[in-house]
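Everything on this sheet refers to the single structure shown next.
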Amino acid sequence: MSALRISAPIVIFVRPQAAGNIGALSRVMSNFGVSELRLVGPRPADSDNDDEFSKMDWALSCKGSRVLETATRHATLQDALEGLHIALGTSGKKDGFFELGYARPFVSPTKALADLDTEIASSPEPLRWALVLGPEDDGLNAEEASLCKQLVHIATVDQNPSINLAMAAGLFLYHWHLLNLGEISNMAPSTEKAMVAGAQSFPLEPGDRLATLDEKEAFLDYVVEALKLTQFFKTPDVVASRARLRRWLQSSQSPLMDLRTLFEAVYQLKCWGQGRFEGRDFLKKRS
């Protein structure tokens, strides 16, 4: 496909467990022209000798073996999200499962793509996004889910709600593919969507760009670091409070200069409270 309405996602598979699932995922990615796979966590124990993947993964990847060959591995989901602007998670759980601080909207694939289409149309620059898949046994945990703006839930019958990971990814990518082909009828044409979303758009200053998810996390690192010098965390849980602040940052795209301005405000308050000044590199990982 050329001139995609919504660019291809980066697919992130968190803590893979069962042999063959990475290969099956690679195959379905290749079916829809999606090529970049990021894996989170150590390689599975059943990997063959020095090979990154099991023989079953290679067998099930079929014509998607190129996806396996170029896959990258990351220590944490935060690391895997580097350079991206939006993360959509997947979850077999039901709305209301996660505690409020970690809660994110549960949406259908069509709703998730409609919202993404609107956000991309109103953005002053291209947005890079991820589809995040959790481990096969219990899915994304609360902290991992909070790194995602929305959680895509595929409706199934109550008698057998569990769905294979590669199949779930394929269903979502199929909806994405239909949208790019213009075959999803309940979504406005791209030009109309841009007109609707245009009022929310804003120009970037010369030399500015949109802040990425990892830069927003670096800002949160600094905010938490500053708050630990106060009595703020005497009652609230650090991780849950961070998840709430993250949800606010996820609500819209932020120019990097705006994020730096917020950092400068926190920096000045922190230095004033400590009675000394310190370095200003808020983009440095602090935790």
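The values are calculated or read from the model by the stated rules, or taken from the named source; none is laboratory data. Being a predicted model, the structure only gives us computed values, none of them experimental. A quick note on method: Cβ atoms are made from the backbone with ideal geometry, for glycine too, and the neighbour counts reach across all protein chains shown. Note: areas computed on protein heavy atoms with side chains; ligands, DNA, RNA excluded. Shrake-Rupley method; radii C 1.70, N 1.55, O 1.52, S 1.80 Å.
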So is Leu131 surrounded by fewer than 21 Cβ atoms within 10 Å (Cβ to Cβ), at pLDDT 90 or above and closer than 16 Å to Ile6 by Cβ or not? no
Given (1) modelled with pLDDT of 90 or more; (2) open to solvent by 80 Å² or more (accessible area, probe 1.4 Å), index of the condition Ala199 fails: (1)
Only one of Arg247, Arg260, Arg242 that is closer than 30 Å to Thr118 by Cα and open to solvent by less than 60 Å² (accessible area, probe 1.4 Å): Arg242
Among the residues listed as Ala226, Ala188, the single one being open to solvent by less than 90 Å² (accessible area, probe 1.4 Å) and at pLDDT below 90: Ala188
Number of the condition not met by His85 [criteria: (1) at pLDDT 95 or above; (2) over 22 Å from His177 (Cα atoms)]: (2)
Subset of the range 86-134, residues of a type in the set (Ser, Thr, Tyr) and farther than 19 Å from Ile154 by Cα, comes to Tyr102, Thr118, Ser122, Ser123
Pull up the range 62-75, narrow it to residues that are part of a helix (DSSP H, G or I) and β-branched (Val, Ile, Thr), then point me to the one that is most open to solvent (accessible area, probe 1.4 Å). Thr70
Given the criteria surrounded by 13 or more Cβ atoms within 10 Å (Cβ to Cβ) and acidic (Asp, Glu), does Glu217 qualify? yes
Filtered residue count, the range 1-40, keeping only those that are in contact with a strand residue (DSSP E or B) (Cβ under 7 Å, 6 or more places away or on another chain) and not acidic (Asp, Glu): 17
Out of all the residues in the range 105-119, is one or more under 16 Å from the mean Cα position of the chain (by Cα), among the small types (Gly, Ala, Ser) and either surrounded by 22 or more Cβ atoms within 10 Å (Cβ to Cβ) or at pLDDT below 90 (or both)? yes
From the option list Arg38, Arg5, single residue qualifying as touching a helix residue (DSSP H, G or I) at 6+ places or on another chain (Cβ under 6 Å), open to solvent by 10 Å² or more (accessible area, probe 1.4 Å) and modelled with pLDDT of 95 or more is Arg38
Could you list all residues from the range 8-35 that are part of a loop (DSSP other than H, G, I, E, B), open to solvent by less than 20 Å² (accessible area, probe 1.4 Å) and either farther than 15 Å from Gly170 by Cα or of a type in the set (Ser, Thr, Tyr) (or both)? Pro16, Gly20
If the requirement is being touching a Ser or Thr at 6+ places or on another chain (Cβ under 6 Å) and of a type outside the set (A, V, I, L, M), which of these qualifies: Gly83, Gly89? Gly83
Condition check for Leu204: assigned to a loop (DSSP other than H, G, I, E, B), at pLDDT 50 or above and open to solvent by less than 50 Å² (accessible area, probe 1.4 Å): yes
Complete set of residues in the range 93-102 that are among the small types (Gly, Ala, Ser) and open to solvent by 30 Å² or more (accessible area, probe 1.4 Å): Gly96
State all residues of the range 76-92 that are in a loop (DSSP other than H, G, I, E, B) and open to solvent by less than 30 Å² (accessible area, probe 1.4 Å); if no residue qualifies, say none. Leu81, Gly83, Leu84, His85, Ser91
